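Asker: Quick one: the structure is below, and I'll ask about it shortly.
The values are calculated or read from the model by the stated rules, or taken from the named source; none is laboratory data. Please read these numbers as outputs of a predicted model, since none were measured by experiment. Cβ sites come from the backbone with ideal geometry, for glycine too, and all protein chains shown count toward neighbours. Protein only, heavy atoms only, side chains kept; ligands, DNA and RNA dropped before computing areas. Shrake-Rupley method; radii C 1.70, N 1.55, O 1.52, S 1.80 Å.
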Amino acid sequence: MSSVRKSRGLLILLIMLLSFAVVPLKTQAAVKVAIRSCALSSSNKNLVEISAAGASSVANTDGKYYLFAMMPYENEISKDSVLLATTSQKGTMNFKASLNMNSQSCVLYRKFGIAVRNQTTKKYLLVSNVRYITNAERLARYTYAFPKAASKKGLQVNTSMLSDAEDLRVRHASVNICINEFLATSSRKNSKWSYSYSYQGQTYWFRKSACETLDAQVEKLTEMGVVVSGILLLQESGGGSQLVAPAARGAGKAFYGFNTMTKSGVNTLAALMHFMGERYMSSAKTHGRIVNWIVGNEVNNYGFYNYLGPLSFSEYAQAYARSFRVVSTALRSVYSRARVYISLDHCWNILQPGGRSYTSKNMLDAFAGALKTEGDINWNLAFHPYPSPLTDPVFWDDKVTNDDTTQTVTMKNIGYLTSYLKNNFRKDVRVILSEQGFTSKIKNTTNEKLQAAAFAYAYYITEFNDKIDSFIMNRHVDNVVETKQGLNLGLWNNKQGYTEYASNKKVIYDVFKYIDSASSKSVSEFALKYIGASSWSSKIPGFSWSRFNGMGVYNKGNSAAISKVSGTKAISNTVKYSYNGKVKKSGSKTVITVKTGLNPNLYQGAGWAFSKKLDFTSRSNFTCKINITGMKEKYAHVRIRFFSGRNIYEAAGKVQGGKTRTLSVNLSKWKYRRTVDKIQIWVRPNGRTAWKKSGKITVSALKQAKSTKK
């Protein structure tokens, strides 16, 4: 900072102090003691340091300033406020107070204010602004680098189709987390049903079944290298009623905002978020990893998705900012780089039909302003730039503008949104497009190629916008609730008579699968005629095919049944992954007991991981024995996939079931055969019929071979 700017700052401070010099108590409403900072000490993380400036003397008081720690919902000093420190009245002041971590006296989630005391009434009067601790990450146990995905491609994965998500090479995924499901009711507050969790001197009970359900999703996605975003939602059921704001209870809403209007609400929310942070953000990834946390869904639509009771707009924005801050503080105190997001829809300057909503722009501005006023912390944006209208996938003709007057923000003007963020808010704000989709049916006419073209265009826009980290498609499979509204958003069609059951792949499936690979150009070229362009670079600033070269190369081949092999070297049975079925290892043999009720479109199998990479240079053939039983038909479709980092070689073939067969894949022409780190073997009945209850896949004798013979 230059000496001129320093002098100007000191002059302003001197003028402010002189103006505060002596203020009689009767005009205290105008008194402003300015808290300038509130943070954990750089030398002692259990010490809170507060600096402030204000009047050097206030008449009709006892001559002291009092530092209080207030609950988030308090607007004045009350019975829930805690007196922390006292100093004589002077122009500048510095307070220090213990954080009291791991006790009921902990002030991590409280806001700090300075008060004076009336000599006559002995009552405390708040005379300052309030500030929260802004660097909770000082407490974090985990500080690892934020994970970076290979691309920005994402999907809201159908929970029964995790193996298909791996087939699609999904890089980002969002999972819905109804936090009410984690809170135990009184009859479940025991070790049989719940985990006991001690936090800030109190004991909480979080349901095992909810943890196990989320574990199953997050563990598998993390295993696949996916960056996971958790969408935190609240319904009024089970033990979750305490997290519904008192004035909102019994309103019959789809989802509710988080209760920071009561002490028990704040404490329970903080404890649950800290518990989830420890469970899903550890370095060990024992239960998988979630690093992005979205607080609510489309919170500008308060009447349906984030109800907090009958509040004014200002009250609502402040209440949401409070709950956001509690969540963020809890998570950042576990993992220093955790990212927390506000969720908004595409209604930038218009209201949702039917009202009971605010515009996204107003909500964003008010939310960011509330955080900044009371102690600025990092925040991020999870945005939903659906086309306008949603029933038309052709977003490139949406009636939008690139300025603050635009009614909606869609993929056509998403660059305006990221520019707005850069120009008006913190520089570290990141964006994820956490929900997006394009319908394959327009006015009762199916046009799957148009859906696929819209996805390709939107994905490329995202990939070349450096403010956006992910583009997450909404539907893995068409959902009947949405298709009735003319929204066929899935990569798969839904089977008639079902809510969401994968029937057959749409055109978009392969475009989605290969869009972030060296095959990107070949799978997207068809889309140019739909958007009326000669090249992608003519539509997207900075576009370059070289970006996709490092995202991975796909190669395909065939597997064949053989009778003889020579020059073999055994591959150790390092089976690590299961896909749908239950995997059991016995020596060199791996047995997969298939999941009989699974959609027969989906594969079942196992995966082997190798810490020391396999080199198929001199022995260029992979061989294995496989026995498939329990099919209702004669043949199975078998896929054997080889991984070298992001590069994949896939061999497929038809195999007769009922007896042991030896299969071979020739890798001699695969460029990446020297560094194989994973192998998968996937199986499904060739005609996509259901498995019998006794279905099993037995794999053994994995080898590298110099030559094979049919």
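Asker: Separation between the residue 141 and residue 445 pseudo-spin-labels, each 7 Å from Cα along Cα→Cβ, expressed in nm?
Answerer: 5.9
Asker: Using amide H atoms built 1.01 Å from N in the peptide plane, name the residues 5+ places from residue 112, or on other chains, whose amide H lies under 5 Å from its own.
Answerer: 70, 131, 132
Asker: Same structure, new question: What is segment 491-605 by shape, rounded, prolate or oblate, if you read a ≥ b ≥ c off the alpha carbon gyration tensor as root eigenvalues and call it rounded for a/c under 1.5, prolate for a/b larger than b/c, and oblate otherwise?
Answerer: Verdict is oblate for segment 491-605.
Asker: Please state, to two decimals, what the Cα-based radius of gyration of segment 232-287 comes to when divided by 2.2 N^0.38 Å (N = residues).
Answerer: Normalised Cα radius of gyration, segment 232-287: 1.29.
Asker: Using packing as a proxy for protection, rank 539-552, 515-528 so that the peptide with the highest average count of other Cβ atoms within 10 Å comes first.
Answerer: Details: 539-552: 14.1, 515-528: 18.3.
Put in order of decreasing packing, that is 515-528, 539-552.
Asker: Tell me, what is the per residue accessible area of the chain in Å², probe radius 1.4 Å?
Answerer: Solvent-accessible surface per residue comes out at 42 Å².
Asker: Post the alpha-carbon centroid distance, segment 32-65 to segment 98-158, in whole angstrom.
Answerer: Their Cα centres are 17 Å away from one another.
Asker: Determine the share of the chain's accessible area contributed by carbon and sulfur atoms, expressed in whole percent, with a 1.4 angstrom probe. Mind showing how you got there, number by number?
Answerer: Values: 14080 of 29550 Å².
Result for the chain: 48 percent of the exposed heavy-atom area is carbon or sulfur.
Asker: Over all directions, what mean area does the Cα convex hull of the chain project, stated in square nanometres?
Answerer: Numbers: hull surface 145.5 nm².
Dividing the Cα hull surface by four gives the mean projection, 36.4 nm².
Asker: Tell me, what HN-Hα J-couplings in whole Hz come from the Karplus equation 6.51 cos²θ - 1.76 cosθ + 1.60 at θ = phi - 60° for each residue of segment 481-486, using x for Gly and Pro?
Answerer: So the Karplus estimates, Gly and Pro as x, are 4, 7, 5, 5, 9, x Hz.
Asker: Mind jotting down the distance between the C-alpha centroids of segment 434-460 and segment 261-283, whole Å?
Answerer: What the calculation gives is 38 Å, centre to centre.
Asker: Largest first, how would 448, 137 line up by accessible area (1.4 Å probe)?
Answerer: 137, 448
Asker: Using a 1.4 Å probe and counting only protein heavy atoms, arrange 473, 261 so the residue with the most accessible area comes first.
Answerer: Final ranking, largest accessible area leading: 261, 473.
Asker: Going by the alpha-carbon gyration tensor, a ≥ b ≥ c the square roots of its eigenvalues, is segment 586-710 rounded (a/c under 1.5) or, if a/c is not under 1.5, prolate (a/b greater than b/c) versus oblate? Walk me through the numbers before you get to the answer.
Answerer: On the way: a/c = 1.97, a/b = 1.79, b/c = 1.10.
The shape class here is prolate.
Asker: Restricting to the chain, what percent of DSSP beta bridges are antiparallel, rounded to 5?
Answerer: So the antiparallel bridges in the chain amount to around 70 percent.
Asker: Let me ask something else. Between segment 511-555 and segment 313-358, how many Å separate their Cα centres?
Answerer: 34
Asker: Can you classify segment 402-462 as rounded, prolate or oblate using the Cα gyration tensor, where a ≥ b ≥ c are the square roots of its eigenvalues, rounded means a/c under 1.5, and otherwise it's prolate if a/b beats b/c and oblate if not? Write out the running numbers ahead of the final one.
Answerer: Working: a/c = 3.22, a/b = 2.19, b/c = 1.47.
Because a/c hits 1.5 or more and a/b exceeds b/c, segment 402-462 counts as prolate.
Asker: Convert each backbone phi in segment 371-383 into a coupling constant with the Karplus relation 6.51 cos²θ - 1.76 cosθ + 1.60 (shift: θ = phi - 60°), then list the ³J(HN,Hα) values in order as whole Hz, x for Gly and Pro.
Answerer: Calculated HN-Hα couplings, in order: 5, 5, 5, 10, x, 5, 10, 5, 9, 9, 10, 9, 10 Hz.
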